[in-house]
Amino acid sequence: MTGDFRVSVLRLGHRRERDKRITSHLGLTARAFGADEVILSGEEDDSALETWNSVSERFGGALECRFEAKPMSWLREFAKSATVIHLTMYGEPWRDVTGSIPKDKPAVIVVGGTKVPAEVFSIADHNVSIGNQPHSEVAALGVFMDSWLGPIEESTIFSGGQIEVVPSERGKNVVNHEEE
């Protein structure tokens, strides 16, 4: 993103053994849909950070990723000057609220892992549901980001990578910039 508008995704309550694949996919989805930063909390897990950094290095982009030991303190402070969006199946329907969520200041999309502290519901400017049934937080993040941010300009966001995938009707068309 550009200017003062930055999008972060905060993964609350990561459990290293139980959540490693889903958290990895959550960060990859955040990146693919235009997030500037992914913040991991819960159990510290370098493998998730390494995966996200490796993908950005190979495929381009400038995704920042880090671990936050005190996510609720960070969230309270961040909320003073930013928009907090909490993805939860208990929230308002995304189709009803997406258009009213501003894009004029930094924003964080909060996605829970283990039980989300009740305080998150009051800190959030928007508690948003993709559906009111149990579902994947990865799917919820992708649907929300696409509907809120709209189409992204991949050639701008993901420049500088070693590998470029060129859209093709059939087969794989991959350019390896390291071999050029």
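Close amide-amide hydrogen proximity is noted between residue 92 and 127, 128, 129, each under 5 Å apart and 5 or more residues distant or on a separate chain (H modeled in the peptide plane; Pro and chain starts excluded).
Taking each DSSP H run with n ≥ 4 as -39500 (n - 2.57) and averaging over every residue of the chain yields -10500 deg cm²/dmol at 222 nm.
For region 1-124, what is Rg from Cα atoms divided by 2.2 N^0.38 Å, rounded to two decimals?
On the way: Rg = 14.0 Å, N = 124, 2.2 N^0.38 = 13.7 Å.
Normalised by 2.2 N^0.38 Å, the Cα Rg of region 1-124 equals 1.02.
Express the relative contact order of the chain as a whole percentage, based on alpha carbon pairs under 8 Å and six or more residues apart in sequence.
Numbers: 316 pairs, mean separation 50.4, N = 180.
In percent, rounded to a whole number, it is 28.
Each residue of region 163-178 is assigned a 3J(HN,Hα), and the resulting list reads 10, 10, 9, 9, x, 8, 5, 9, x, 10, 10, 10, 10, 9, 5, 6 Hz, derived from the Karplus form 6.51 cos²θ - 1.76 cosθ + 1.60 (θ = phi - 60°), x at Gly and Pro. Near residue 70, which lysines are there with a Cα under 23 Å away, not counting those fewer than 8 places off in the same chain? Within reach: 20, 80, 105, 115.
Over what distance in Å are the Cα centres of region 115-172 and region 9-40 separated? So the separation of the two Cα centres works out to 10 Å.
Bear in mind these aren't lab numbers, they're just calculated from the coordinates by the rules spelled out. The structure displayed is predicted, hence computed values, not measured ones.
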